[in-house]
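Student: Sharing a structure with you now.
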Amino acid sequence: MRAPAFWDAGPEHPAARALAPFAALYGRRSAARMDRPGAAGPCPILCVGNFTLGGAGKTPTALALAELLRGLGAAPAFLTRGYGGHLAGPVRVDPDRHGSVETGDEPLLLARHAPTIVARDRVAGARLCVAHGADVIVMDDGLQNPALAKDLSLAVVDAGAGVGNGHVFPAGPLRVPLARQWGHVHGLVLVGAGAAGEAVAEDALRRGLPVHRARLVPGGDWTGRRVLAFAGIGRPEKMFATLREAGAEVAGTRAFADHHSYTRAEIAALAAEAASFGAELVTTHKDHVRLPPDFSARVAVLPVTLEFREAGSLLAQLAKALGRP
């Protein structure tokens, strides 16, 4: 879905106020579900989630955590529901055999870095992670899912967006009332810079929670490259801004809904528009895996990695979760 504009407006926006009764009902139900006790995992469970609907940088954060865990001598595997895919699992993702229609887009990216299990039944998925050699599980999303007890839960916040207008869906982007979510979180990962994110960070610090500051770093040389950028992610404008900051000449941009399935007509229109601009097409890794192979070969990818400003406190949290001094 594409987030409505009023989610980023003030909390007193008329649309938010009109939807408040529905948000209250949704919030009570989702909070009660989140508070249920979870089953103990077969190994430490580290959850990378977010407070809101849509993208915040969870997948790059999960990848960065896996690298830190390897540095601690652990063998991580990723566990994900596989949003947008039809496979219920549990199944290990094979990028050479599976496509985004089957697994969703994020699992295909994760599977290039570590064993990745798609499972709607998180407990069964955790067992399969261990069967494939994992001694620690990194859950990409699942903060609000109570099936498994988590040893460490990190909430990822895009500093440019924060928590939107602070209301629960459908009046705002929150999945569960924020006050109810803090009790399930052990730390905050703040990605980028922005006043909205700083407000959330201040809230975390008041609660005695560590704030791990990070940024997304683009890969490749984009200086002077004329591009038509398109993306179907939580915040497409973030990708467009990253390209500009990397030195690309952005001739045009096209934003689609998160996890958008591109039609042949849309693909043809993108190709024609890029040709009219004398530009090359560029998109995100998540979008690239959703494109037909005959078209994806003609589209460049903007790779990004998440870098932590200071990883010391995060490494201490990871070691504690692993039961290591």
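Bear in mind these aren't lab numbers, they're just calculated from the coordinates by the rules spelled out. Predicted model, so just to flag it, every value in this text is computed and none were measured. Neighbour counts are summed over all protein chains in view; Cβ atoms, including those assigned to glycine, are modelled from backbone coordinates with ideal geometry.
Student: Give the whole-number value, in cubic angstrom per residue, of the convex hull volume spanned by the C-alpha atoms of segment 58-207.
Tutor: 122
Student: Could you tell me which trypsin sites (Lys or Arg not before Pro) in segment 134-220 are loop residues by DSSP with no more than 16 other beta carbons within 10 angstrom of their beta carbon?
Tutor: Arg207
Student: Restrict the search to segment 90-129; then list the trypsin sites (Lys or Arg not before Pro) that DSSP places in a loop and that have at most 13 other Cβ atoms within 10 Å of their Cβ.
Tutor: When the trypsin sites (Lys or Arg not before Pro) of segment 90-129 are filtered for loop state and at most 13 Cβ neighbours within 10 Å, Arg97, Arg112 remain.
Student: Here's another thing I want to ask about it. Mind checking which aspartates and glutamates have their Cα closer than 17 Å to the Cα of Lys150? Skip sequence neighbours fewer than 8 apart in that chain.
Tutor: Here the aspartates and glutamates satisfying the reach criterion relative to Lys150 are Asp35, Asp121, Asp135, Asp140, Asp141.
Student: Right, here's the next one. Can you divide the C-alpha Rg of segment 220-302 by 2.2 N^0.38 Å and report the result to two decimal places?
Tutor: 0.98
Student: Helix-only estimate, please: 222 nm mean residue ellipticity of the chain, summing -39500 (n - 2.57) across DSSP H runs of length 4 or more and dividing by its residues, to the nearest 500.
Tutor: Calculated from helices alone, the mean residue ellipticity at 222 nm is -9500 deg cm²/dmol.
Student: Right, next: Give me the extension gain from Ala311 to Arg97: residue separation times 0.36 nm, minus the current Cα-Cα distance, reported in nm with one decimal.
Tutor: 73.5 nm
Student: So what are segment 120-209's ellipsoid semi-axes, whole angstrom, largest first, if each one is the square root of 5 times an eigenvalue of the alpha-carbon gyration tensor?
Tutor: For segment 120-209, the semi-axes come out at 28, 15, 12 Å.
Student: Once the Cβ-Cβ distance between Ala179 and Ala255 is put in as r, and R0 is 35 Å, what FRET efficiency do you end up with, to the nearest 0.05?
Tutor: 0.65
Student: Which far-off residues, 5 or more places away or on another chain, put their amide H under 5 Å from the one on Asn50, with H placed in the peptide plane?
Tutor: HN-HN under 5 Å from Asn50: Gly142, Leu143, Val156.
Student: Quick one: which residues, 5 or more positions from Gly41 or on another chain, have an amide H under 5 Å from its amide H? H modelled 1.01 Å from N in the peptide plane, none for Pro or chain starts.
Tutor: Excluding prolines and chain starts, which carry no amide H, the hits are Ala149.
Student: So what J values fall out for segment 164-176 if you push phi through Karplus, 6.51 cos²θ - 1.76 cosθ + 1.60 with θ = phi - 60°, rounded to Hz, Gly and Pro as x?
Tutor: So the J values, rounded to whole Hz, are x, 7, x, 9, 7, 3, x, 6, x, x, 5, 7, 9.
Student: Can you list the lysines whose alpha carbon is less than 24 Å from that of Lys238, not counting same-chain residues fewer than 8 positions off?
Tutor: Lys58, Lys286
Student: Turning to a different aspect of this structure: Within segment 77-104, what residues put their amide N at less than 15 Å from the label point 7 Å along the Cα-to-Cβ vector of Arg127?
Tutor: Residues passing the 15 Å test: 89-92.
Student: Please work out the ratio of the alpha-carbon Rg of segment 35-103 to 2.2 N^0.38 Å and round it to two decimals.
Tutor: 1.27
Student: Follow-up question, since we're still on this one. Using the Karplus curve 6.51 cos²θ - 1.76 cosθ + 1.60 with θ = phi - 60°, what ³J(HN,Hα) values do you get for each residue of segment 119-136, in whole Hz, with x for Gly and Pro?
Tutor: Once θ is set to phi - 60°, the couplings for segment 119-136 become 7, 6, 8, 5, 5, 5, x, 4, 4, 5, 4, 5, 4, 9, x, 6, 10, 7 Hz.
Student: Could I ask something else about it? Starting from 0.36 nm per residue, how many nanometres of slack lie between Glu266 and Arg215 once their C-alpha separation is accounted for?
Tutor: Stretched fully, the Glu266-Arg215 segment lengthens by 15.2 nm.
Student: With a 10 Å cut-off between alpha carbons and a GNM built on the chain, which of Ala269, Ala111, Ala20 moves the most?
Tutor: Taking springs between Cα atoms under 10 Å, the residue moving most is Ala269.
Student: In whole Hz and in residue order, list the ³J(HN,Hα) couplings for segment 258-270 that follow from phi through the Karplus curve 6.51 cos²θ - 1.76 cosθ + 1.60, θ = phi - 60°; x for Gly and Pro.
Tutor: 4, 6, 4, 9, 6, 8, 4, 5, 5, 4, 4, 5, 4
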